[in-house]
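First comes the structure, then the notes that go with it.
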Amino acid sequence: MGQARSGLYGITVARPCASSLSRARRRLGSAPLCRLFEILAGPVAGRAQSSAFYCGLRVVAVDGTTLSVPDEEAVTWHFPRHIWPVKEFGYPLLRLVALVECGTRALLGAAFGPDTTGELRYACRLLDRLDASMVLLADAYYDAFDFLLTVTGTGASFLLHSTRKRRPTVRRLLPDGSYLTTISAGRYRAGRGYGRLEVRIIEARMTVVLADGTRRSELWRLMTSLLDPERHPAHELLALYHRRWQTGTC
C-alpha cells in the first residue's frame, strides 16, 4: 500500500468547485443514490442500547413533514404550487415521511412526493420495514383502522396517540386502569366483513405549567396492541410514547 501511495506524489489533484459537483450529481441521476440509501438504511442499535428497546422490542417511530422546493418549471410539474381562487401562493411543497429507530435516530426508510398525497399513504409504503421485533410509535394522524391492521399484519406492535374522534367503549377494565376495546373499519367490505381489531386504551391527564404559572390540562388517550398490563404497564407505555418526538430531531 505504501508503494502504491508513493506513486501518487507530485500528481496535481483536481479540486472541483461546488457547482461542478452539483452538475456531476445531476448527470449521475437519482438511481445510484436511492440504491445507496437502501443499502445503508436500517436499524443499528445493539441489544445493549436500552434507549432503542422496550421489553425486548425495538422502538421505531413514523412521522411526516413538508419541505419547500424550488419554484421552477422543472419542479412544479410534479410538485404543484398551492392555488387559491384568487392567486397562487408560497413555494411548492414536498411531503416527506420517515421511519426512524428511536435511541439512535437511524433511518429505516423514507417516502416522499407531492404534498397533494396524504401523509398516511406515504407511511404505508414503509410498513414492509416492520417486523415482529418492533413496536411502532405514531401520533393521532395514524389512527386509521386499515393502517393499524396492516401494521399488525407485519407482526409489529403499535402505540399511538388516539384521535379525539374516537369514543371507545370499555369492554374490559384492566388492573392498571387501562381497558380493552375493539375498533373496526366502520364499513362492510366484501369477503372481509366489517373487520375488527382488539386494542388497549390508556387514558391520562397531562398538565403543563407555563413560565407565567398558567396551567393547561388535557386528556390524552393512547391506543396500543400491547394488551398485557402486567408485561406492559400503563405508566411504562406513557413514558415510552415520549420517545416518538425523536423523529422530529433527526
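Quick look at the numbers
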item	result
Count of the range 173-187 residues which are surrounded by fewer than 13 Cβ atoms within 10 Å (Cβ to Cβ) and either of a type in the set (Phe, Trp, Tyr) or within 24 Å of ALA239 (Cβ to Cβ) (or both)	2
Verdict on VAL75 being without any contact (Cβ under 8 Å) to a residue 60 or more places away in the chain, over 25 Å from SER51 (Cα atoms) and in contact with a helix residue (DSSP H, G or I) (Cβ under 6 Å, 6 or more places away or on another chain)	no
Residue check for THR163: among the polar types (S, T, N, Q), over 29 Å from ALA41 (Cβ atoms) and out of contact with any strand residue (DSSP E or B) (no Cβ under 8 Å at 6 or more places or on another chain)	yes
Residues of the range 20-63 classified as assigned to a strand (DSSP E or B) and within 14 Å of SER133 (Cα to Cα), total	7
Residue, surrounded by the most Cβ atoms within 10 Å (Cβ to Cβ), within the range 120-152, restricted to residues that are closer than 19 Å to THR65 by Cβ and among the hydroxyl-bearing types (Ser, Thr, Tyr)	TYR142
The range 74-90, subset over 27 Å from ARG26 (Cβ atoms) and in a loop (DSSP other than H, G, I, E, B), residue modelled with the lowest pLDDT	LYS87
Within the range 154-172, tally of residues that are more than 15 Å from ARG221 (Cα to Cα) and either surrounded by 14 or more Cβ atoms within 10 Å (Cβ to Cβ) or modelled with pLDDT under 95 (or both)	5
Meets criteria (at pLDDT 90 or above, over 24 Å from THR182 (Cα atoms) and outside any strand (DSSP E or B)) for TYR122	yes
Test: residue in the range 110-117 that is of a type in the set (S, T, N, Q), modelled with pLDDT of 90 or more and closer than 28 Å to ILE183 by Cβ	no
Selected residue (only one of LEU137, LEU148 is in a strand (DSSP E or B) and modelled with pLDDT of 90 or more)	LEU137
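The values are calculated or read from the model by the stated rules, or taken from the named source; none is laboratory data. Because the structure is predicted, anything quoted here is derived from the model rather than measured. With ideal geometry, Cβ positions are generated from the backbone for all residues, glycine too; neighbour counts draw on all protein chains shown.
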